[in-house]
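Working notes, beginning with the structure itself.
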Amino acid sequence: MRRPLRRRHLNAAVQSLAAAQALVRAVRGRPGGLCVLTGAGMSAESGIPTFRDALTGLWARFDPAELASEDGFRADPQRVWDWYAERREAARAAEPNAGHHALARFAQRWPGTLALVTQNVDDLHQRAGNTDAVRLHGDLLADRWLQACPRRRGCSPDAAVPGRPPRCGECGNPLRPGVVWFGEELPPQALEAARQAAEACALMLVIGTSGAVWPAAGLVGLARRRGAQVLIVNPAASEIDDEAHLVLRGTAARMLPPLLLDDTALGP
Ligand code: OAD
């Protein structure tokens, strides 16, 4: 009894992939035709934990308000600095996976078609070759001062005195990681670039995000309202599945090479 059922599921999956490939084929070479929004699931197969996995996710093990907010940092700067130092080490040690590479090769092969918007603070898209990715939530590997310099000097964070966290030798202002924390606004230029890309695209490809964090999640509905097709790649359900015309249930590293019609995915 089980065998025919399985075959039916397999057939459905193959048909979905073929339909999804047709959507990609239709936008190749079209300026700004493809907007891709990535989330933590994009880097999961590179060994970087997601945020909302029930067992292994970062927010299952740590309280975001304590570690990823200005109040949390001010309450215990050393703890928060050390937590980010561990995450930085993990990000530096990780390598882009087949999904990152497929996106980078697509951008290279079809210049001008892809606008890549990421919620990820690692640099795996950049290291794969998508150096112009829009980074909505900042850069884990960058430092900035916690507060504006009281003396209005434009000191470089590189000049900080080493410590946990490093501080300005003159006024004691600490460094903080260059990520967006809870309660903070997204960088306005990045958000505007992401909105424009979502509005302009014909296909919105959403990879590895729970769709739980705004305004990033709202980009998907925005694209759809402007007439774009919406395609989601995620092995599990997400909060924005209702916005999708098509959902591929699979992981980024497995689905993206065939989806993006990446010749190298066909093997030697
Ligand atoms: P989440 O941790 O909320 O969601 C990760 C998503 O990735 C889930 O929907 C998983 O099903 C999916 N997933 C897991 N493994 C995958 C794989 N191998 N391939 C594809 N998908 C996979 O992460 P985000 O949606 O990115 O914000 O979270 C959004 C924001 O919440 C983050 O940018 C972060 C966090 O608070 C800030 O740090 C400001």
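Some values worked out for this structure:
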read-out	value
Test for residue 128: is it within 14 Å of the ligand (Cβ to nearest atom), free of Cβ contacts under 8 Å to residues at least 40 places away in the same chain and touching a helix residue (DSSP H, G or I) at 6+ places or on another chain (Cβ under 8 Å)	no
Given (1) open to solvent by less than 60 Å² (accessible area, probe 1.4 Å); (2) touching a strand residue (DSSP E or B) at 6+ places or on another chain (Cβ under 9 Å); (3) more than 17 Å from residue 79 (Cα to Cα), number of the condition residue 140 does not satisfy	(3)
Residue list for region 50-68, restricted to those being within 27 Å of residue 198 (Cβ to Cβ) and not aliphatic (A, V, I, L, M)	50, 51, 52, 53, 57, 59, 64
Segments classed as helices (runs of 4 or more DSSP H), wholly inside region 1-119, with at least 1 members that are of a type outside the set (Asp, Glu) and at pLDDT 95 or above	2-27, 70-75, 77-93, 98-109
Positions within region 36-48 being in contact with a Gly (Cβ under 8 Å, 6 or more places away or on another chain) and open to solvent by 50 Å² or more (accessible area, probe 1.4 Å), in sequence order	45
Count of residues meeting criterion [over 23 Å from residue 187 (Cα atoms), open to solvent by 10 Å² or more (accessible area, probe 1.4 Å) and either aliphatic (A, V, I, L, M) or part of a loop (DSSP other than H, G, I, E, B) (or both)] in region 214-239	8
Flag if residue 98 is within 16 Å of the ligand (Cβ to nearest atom), of a type in the set (Gly, Ala, Ser) and crowded, with 18+ Cβ neighbours inside 10 Å	yes
Every residue from region 108-124 that is buried (at least 18 other Cβ atoms within 10 Å of the Cβ) and away from the ligand (no atom under 16 Å from the Cβ)	110, 113, 114, 115
Search result, residues across region 242-254 that are within 10 Å of the ligand (Cβ to nearest atom), open to solvent by 30 Å² or more (accessible area, probe 1.4 Å) and closer than 15 Å to residue 37 by Cα	251
Count of region 55-95 residues which are crowded, with 18+ Cβ neighbours inside 10 Å, charged (D, E, K, R) and more than 16 Å from the ligand (Cβ to nearest atom)	0
Given (1) at pLDDT below 95; (2) of a type outside the set (A, V, I, L, M); (3) open to solvent by 80 Å² or more (accessible area, probe 1.4 Å); (4) in contact with a helix residue (DSSP H, G or I) (Cβ under 8 Å, 6 or more places away or on another chain), number of the condition residue 168 does not satisfy	(3)
Of all residues making up region 173-206, the number that are open to solvent by less than 10 Å² (accessible area, probe 1.4 Å) and part of a helix (DSSP H, G or I)	2
Contacts under 9 angstrom Cβ, first residue in region 169-186 being small (Gly, Ala, Ser), partner part of a loop (DSSP other than H, G, I, E, B), 6 or more apart	169/160; 178/121
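The values are calculated or read from the model by the stated rules, or taken from the named source; none is laboratory data. This one's a predicted model, so the numbers in the text were calculated from it and none came from an experiment. Here Cβ is always computed from backbone atoms with ideal geometry, including for glycine, and neighbour counts include all displayed protein chains. For accessibility, only protein heavy atoms count, side chains too; no ligands or nucleic acids. Shrake-Rupley method; radii C 1.70, N 1.55, O 1.52, S 1.80 Å.
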